[in-house]
Amino acid sequence: MKFIQALRISIMSTIILLPVILGGCSESGGSSSVEPMADEPMILDAVLCISVKNDRPEGITNTFYRANDNRIYFWVYWTNLEDVSTAKAVWYEPDKDAPYREDSQTIRTDSGFGITWFYIDEPVGGFKTGEWSVEIYLDGKLERSLLFTVE
């Protein structure tokens, strides 16, 4: 009889505790962090905009309009740069694999910080509508790619 009572208690404990144990161990979220290389060049911010004034982007957007926008800017804020680096922007039209335009700039800095911007002018007949992209390279290494739409 004692054996049956002990068995019942054991079974009841298992039934009660098993969902708590299993439910308490499951993960429904999480987080992580890393320390970036302190001396690795990187982009602090990169945006598309309708103009650049005093080295700052104006009219930050990912949507441009054929009827209004005759120039599209790509502005980039860098940190941890070498004294001299080369940034290159490569623009792509919708549904094209070949670059629409490529442009490079030499960045000279004593502080490690730098701001660059690139732009494309509206071609004859206007910008092609659809999803465009622009890639930014630093010293030949792809750093970031942004998508934008022309309507």
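Every read-out reported here was derived from the displayed coordinates using simple, explicitly stated rules and does not represent laboratory data. This is a predicted model, so every value here is computed, not measured. Note: ideal-geometry Cβ built from the backbone for every residue, glycine included; neighbour counts use all protein chains shown.
Give, in nm to one decimal, the length gained when the segment between residue 62 and residue 141 is fully stretched (0.36 nm per residue of separation minus the Cα-Cα distance).
Gain on stretching residue 62 to residue 141: 26.1 nm.
I'd like to know how region 42-150 sits against the 2.2 N^0.38 Å rule of thumb: what's its Cα Rg over that expected value? Numbers along the way, then the final one.
Working: Rg = 13.8 Å, N = 109, 2.2 N^0.38 = 13.1 Å.
Output field value: 1.06.
Show me 53-59, 29-35 ranked by packing, highest mean number of other Cβ atoms within 10 Å first.
Sorting 53-59, 29-35 by mean packing, highest first, produces 53-59, 29-35.
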